[in-house]
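Report on the following structure.
The values are calculated or read from the model by the stated rules, or taken from the named source; none is laboratory data. Please read these numbers as outputs of a predicted model, since none were measured by experiment. Cβ sites come from the backbone with ideal geometry, for glycine too, and all protein chains shown count toward neighbours.
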Amino acid sequence: MLNFSKQKKQPKDIKTLRNDILDFIKEQLKKAGSGEGGGIRGLHLYINCPPEIKFMYESAVYIEQQDNCKDDIQKIADDFAIDLPVEWYLKITVDEPAPPEAKVSADLDVALFISTRQKPSIHKEATAYLKILNGEAEQAVYTLHSSVKKINIGREKNVQVAKGFMRVNQVAFPNNSDNKSNKSISRQHAHIEWNEESASFYLFADEGGIPPYNKIKIKPDQGNEIRLVTTEVGHQLKEGDQVMLGESALVRFSFFNE
C-alpha cells in the first residue's frame, strides 16, 4: 500500500481545503467516468496528514457526518454528467495507507480509490493452494480454482451471520479445536475471489476481519507487511504471500502444491 504523507501545501482554512478536496475528487471522477473506468461503484478517500492539521481535514470532509460530503460529491457528479449509481458508497479513512490503485493528490494529503465495475478483458484459468502454517483447519492444504468465484474463510464450516443467513466457510477452522490460534478467527473473517480482469486471486476482509474486530495481515515474499482495513479494497495474492488471520493463525498462498 502507498504512504503518501510527504509534505504537501498547508491548507489556508477549512472551506478552502474542502473545495480543494472536492476539486481533486471531481477531476478523478471525470477521468473514471469518461474512460474504461466507467460503471463506478463507490469512492474510498484516504487522508494521511500531519497531526497538527488533522482537525482541518476531518472538518473539511465532515468526518462525523460523511453523508454531507457524499451530498457534495453527488452535486459535482450531477453538474458534470458523471453517472453514479443510486447505491454508490463513500468511505473516508484517516491515518491509514492507501492501496497502490489509489490516485494520490499532488498538493493535498489525500488519495482516492474509485471502485468500478469493469468488463473482464482477460480470461484465464488458474489453480493455487492455501497451506495452513499455524492453526488447525479441516484440511492441511486447500486447492483454489478460478472456476470457484468466491472462497470463504472463517471459524466453523457452517455459521449463521448477523442477519440470520447461513454462511459456508470453504476454508474452515473448527471452533472445538484445542489450537489457540483458532479462537481469534472470526466466523466471517475473509474471502478469496478470482478476478478475471487481472487473472489473479484477491484476498478480501469480511466484517469480522477488519478493525476493531480481528485483523488480517499479509507478509509478501518480498516487501513490507500489508494490513487490510476495509472490506472494499482487496489484496492481489502473489506467490509466497503469508496471511495472518487474527492473532496467530497463518496460511501461505502458492501456485505450487508442495
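Structure notes:
- Against the numbered list (1) loosely packed, with under 14 Cβ neighbours inside 10 Å; (2) out of contact with any Phe, Trp or Tyr (no Cβ under 6 Å at 6 or more places or on another chain); (3) modelled with pLDDT under 90, Asn257 comes up short only at (2).
- As for region 51-67, it holds no residue that is hydrophobic (A, V, I, L, M, F, W, C), over 30 Å from Ile185 (Cβ atoms), out of contact with any strand residue (DSSP E or B) (no Cβ under 9 Å at 6 or more places or on another chain) and assigned to a loop (DSSP other than H, G, I, E, B).
- Only residues that are under 20 Å from Val168 (Cβ atoms) and assigned to a strand (DSSP E or B) were counted across region 197-217, and they come to 6.
- Of all the listed residues (Glu225, Glu232, Glu193), the sole one being in contact with a Lys or Arg (Cβ under 7 Å, 6 or more places away or on another chain), modelled with pLDDT of 95 or more and over 16 Å from Leu133 (Cα atoms) is Glu193.
- Candidates Gln139, Gln188, Gln222, filtered to the one that is in a loop (DSSP other than H, G, I, E, B), touching an Asp or Glu at 6+ places or on another chain (Cβ under 6 Å) and over 21 Å from Ala102 (Cβ atoms): Gln188
- Filter result (of a type in the set (A, V, I, L, M, F, W, C) and modelled with pLDDT of 80 or more) within region 30-49: Ile40, Leu43, Leu45, Ile47, Cys49
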